[in-house]
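First the structure, in the form of structure tokens, and then the observations on it.
Only the coordinates and a few stated rules stand behind these numbers; no lab work does. Treat the numbers as computed from the prediction; the structure is a model and nothing was measured. Please note: Cβ atoms are built from the backbone with ideal geometry, for glycine as well, and neighbour counts cover all protein chains shown.
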Amino acid sequence: MKTILEQSKAASQASQKLRRETTKHKNLFLDSLMQELKEATDAVLVANEKDLSQSDAITSAMKKRLGIDSNAITGFIDTLQSIKESEDPIGKIIKTFKPEQGFTVNRVLAPIGVIAVIFESRPNVLLEAAALGVKSGNVMILRGGKEAMYTNQAIFDLIQKALTIAGITNDAVQLIEDRRHEAIDELIVLDQYIDLVIPRGREALVSRVVSGARMPVIQHMRGLCHMYIDDSASVDMAIKLVSNAKTSNPATCNTIETLLVHQDMADAVLPGVLEKIINQGVEVRGDAKVCEYSDKCILATDEDWNTEYLDMIISIKIVESFEAALSHIDQYSSGLTDSIISNNKEHIQQFLNQVNSAVVLVNASNRLADGSVFGLGAEIGISTSSIHMKGPMSLEDLTVSHYEVIGDGNER
């Protein structure tokens, strides 16, 4: 078994090699990985079933994120194809300056270097991180949760085969071999070898990485997401969007956990909302006023406003004003995605300006907050950090810019 230090040093050395790889070789890796995945579908599903059968201790929501089937594998392959078809960002000139002295300054996209991704449950994160990393010229050091150990290893083996076929160093994508709990803490202090860390998982994991890391951290914070129904909202639209944002896939981070309803809209919208989502199997935890609309409603506690359920549960609160809704979101939102249903142009613009979330939506479901839905291809996560960028992180977001100066004997 290689130590954390040994793997980190190898990653740093591999970074220099990966920077020199051509788009042709990167795409050969992606082609090979697609082919390997097609041929090994059954083996990956067997490994996943082994993980699921040994995961009694995890929540039902985590099991939903962990489980895959043949349709999921097809989706993985489609994602890899979209990455292959995406423009290679490395070397892209995003701006050119021509000072009076006669030389040329190009602002050019370059790899970040070595990125550590620490994640839980979702095996697709391993696959997409590897693909995005190689295409963007970044070495990836990956640490998955123990609940997906067999699935991750099966996929990682395919990644290693594809790297070999493409002639790319195998150290370009590494899976942490040290399974100790303390290994994460040892990894995130090696800033001389690792340039960036991206944690994806429960709030406890993200907070642990943020507090201990010596290198920059881009957070994929928990999804405590809100939808606010304003006093000018379309009733039919509101009912439809609440249902979609809560029930289409409640185990995802872009699912709403809290619904806020303007008091002047409560009579018009709540009966329809409650009937629809309760019939769909959603448990409603509402404030005292909300519970007057249905005897199936459970009285919410203060803790509910601060809970990411990742399940068929929702908190609903009636607010006295638009400003009260903004205040609630400001206090409780995790900053991932929040939405407003409204026809009031002034309120819409104020909501867009004031809600400090990675994705802010108007008259649309929070579930749209996704890189592939936005047309960005695959994503490494949805950044909720206030550095580098916010929102779904795709290929270009895994780069930094530097300057290249082209002269002809120019001096200062």
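Looking at the chain, identify the longest residue range that excludes and avoids all chymotrypsin sites (Phe, Trp or Tyr not before Pro) in DSSP loops having at most 16 other Cβ atoms within 10 Å. The answer is 104-373. Stokes-Einstein diffusion for segment 179-290 at 20 °C, viscosity 1.002 mPa s, with a Kirkwood radius from C-alpha pairs, works out to 128 µm²/s.
Near the amide H of TYR228, within less than 5 Å, lie the amide hydrogens of LEU260, SER339, ILE340, ILE341, all on another chain or at least 5 residues away, with H placed in the peptide plane. Size descriptors for the chain: radius of gyration and Dmax over Cα atoms are 23.3, 81 Å. Considering all C-alpha pairs of segment 122-183, those separated by over 14 Å amount to 53%.
A cut-off of 5 Å between modelled amide H atoms, ignoring neighbours fewer than 5 places along the same chain, links VAL319 with VAL261, HIS262, GLN263.
For the residues LEU361, LEU28, what sequence is obtained by ranking on other C-beta atoms within 10 Å, fewest first?
On the way: LEU361 24, LEU28 19.
Least crowded to most crowded, the residues run LEU28, LEU361.
What's the whole-number percent of alpha carbon pairs in segment 115-274 lying beyond 24 angstrom? Above the 24 Å cut-off, segment 115-274 has 48 percent of its Cα pairs.
What is the fewest-to-most order of HIS347, HIS226 by other Cβ atoms lying within 10 Å of their Cβ? Write down the numbers at each step before the final one.
Details: HIS347 22, HIS226 27.
Going from sparsest to densest Cβ surroundings: HIS347, HIS226.
Relative contact order, whole percent, for segment 225-368 stands at 33, derived from Cα pairs under 8 Å and 6 or more residues apart.
With N residues in segment 225-368, what two-decimal value do you get for its Cα radius of gyration over 2.2 N^0.38 Å?
On the way: Rg = 13.3 Å, N = 144, 2.2 N^0.38 = 14.5 Å.
Here the answer is 0.91, to two decimals.
Averaging the sequence gap over all C-alpha pairs within less than 8 Å and six or more residues apart, then dividing by the number of residues, gives the chain a relative contact order of 19 percent.
Among DSSP bridges having both ends in the chain, what percentage is antiparallel? Round to the nearest 5. Don't skip to the answer; put the middle values down first.
On the way: 14 of 53 bridges.
Once the DSSP bridges in the chain are tallied, antiparallel ones form about 25 percent.
Can you sort ILE4, ILE176, ILE387 from fewest to most other Cβ atoms within 10 Å of each residue's own Cβ? Write down the numbers at each step before the final one.
Values: ILE4 23, ILE176 20, ILE387 10.
Ordered by Cβ neighbours within 10 Å, fewest first: ILE387, ILE176, ILE4.
Of the trypsin sites (Lys or Arg not before Pro) found in segment 34-103, not one falls in a DSSP loop while having at most 11 other beta-carbon atoms within 10 Å.
Relative intensity of segment 21-168 on a log10 scale, I(q)/I(0) at q = 0.12, 0.15, 0.16, 0.18 Å⁻¹, equals -0.55, -0.77, -0.85, -1.02, per a Debye sum over C-alpha point scatterers of equal strength in the absence of solvent.
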